[in-house]
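Trainee: Following this message is one structure expressed as structure tokens.
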């Protein structure tokens with residue numbers, strides 16, 4: 001089974017996840033925090049600081065059985081302040097990835113995809129430390145809080161087969 005794991009604050013990663021599910025099949029797993037960041041300027045800066053500080057968060061749902069039954073995991077994450085958000089950090093800390101293949105898709109507002117290589121290597125290290133392997137990786141420009149990535153843009157930018 002394919003499992004598409006994602007965290008979305010603005011909606012861009014959600015659009016990417018839904019596009020991948022439509023294109024490749026699989027089950028969606030949206031990582032939701034027990035206490036989500038506020039959708040205002042204060043929450044935005046709080047979220048960036050938490051990512052920059054490599055914080056984790058409490059997730060609202062137990063995902064262990066879904067990960068256990070997955071053969072291939074697509075991990076879709078935004079890049080915040082050059083790092084992964086707390087929900088993704090928690091997933092990478094708790095997920096049993098032994099023997100799992102993981103495809104990584106980073107989504108960010110920066111058109112030059114600055115910092116995506118650093119984030120990819122951080123994810124790769126955490127996946128491999130848990131016995132998993134990275135199969136494919138891609139970075140795409142997403143949208144903004146006011147104008148998230150659309151389904152059409154996801155279809156144009158995502159190259160996973």
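Trainee: I need the full set of residues from the stretch 122-138 which are modelled with pLDDT of 95 or more and within 15 Å of the chain's Cα centre (by Cα), in order please.
Mentor: Residues satisfying the conditions are 122, 123, 124, 126, 127, 134.
Trainee: Within the stretch 62-74, is there a residue that is in a loop (DSSP other than H, G, I, E, B), farther than 25 Å from residue 22 by Cβ and without any contact (Cβ under 8 Å) to a residue 24 or more places away in the chain?
Mentor: The answer is yes; a qualifying residue exists.
Trainee: Follow-up question, since we're still on this one. Name the residue that is farthest from residue 93 (Cα to Cα), counting only residues in the stretch 104-132 that are touching a helix residue (DSSP H, G or I) at 6+ places or on another chain (Cβ under 7 Å) and outside any helix (DSSP H, G or I).
Mentor: My answer is 108.
Trainee: Keeping to the stretch 21-52, report how many residues are outside any loop (DSSP other than H, G, I, E, B), out of contact with any helix residue (DSSP H, G or I) (no Cβ under 6 Å at 6 or more places or on another chain) and within 13 Å of residue 74 (Cα to Cα).
Mentor: 5
Trainee: Here's something else I'd like to know. Quick check: is even one residue across the stretch 7-20 more than 19 Å from residue 156 (Cβ to Cβ), surrounded by 18 or more Cβ atoms within 10 Å (Cβ to Cβ), in contact with a helix residue (DSSP H, G or I) (Cβ under 9 Å, 6 or more places away or on another chain) and at pLDDT 95 or above?
Mentor: Within the stretch 7-20 (the criterion being more than 19 Å from residue 156 (Cβ to Cβ), surrounded by 18 or more Cβ atoms within 10 Å (Cβ to Cβ), in contact with a helix residue (DSSP H, G or I) (Cβ under 9 Å, 6 or more places away or on another chain) and at pLDDT 95 or above), the answer is yes, since at least one residue qualifies.
The values are calculated or read from the model by the stated rules, or taken from the named source; none is laboratory data. Because the structure is predicted, anything quoted here is derived from the model rather than measured. Glycine also receives a Cβ, built like all others from the backbone with ideal geometry; neighbour counts cover every protein chain displayed.
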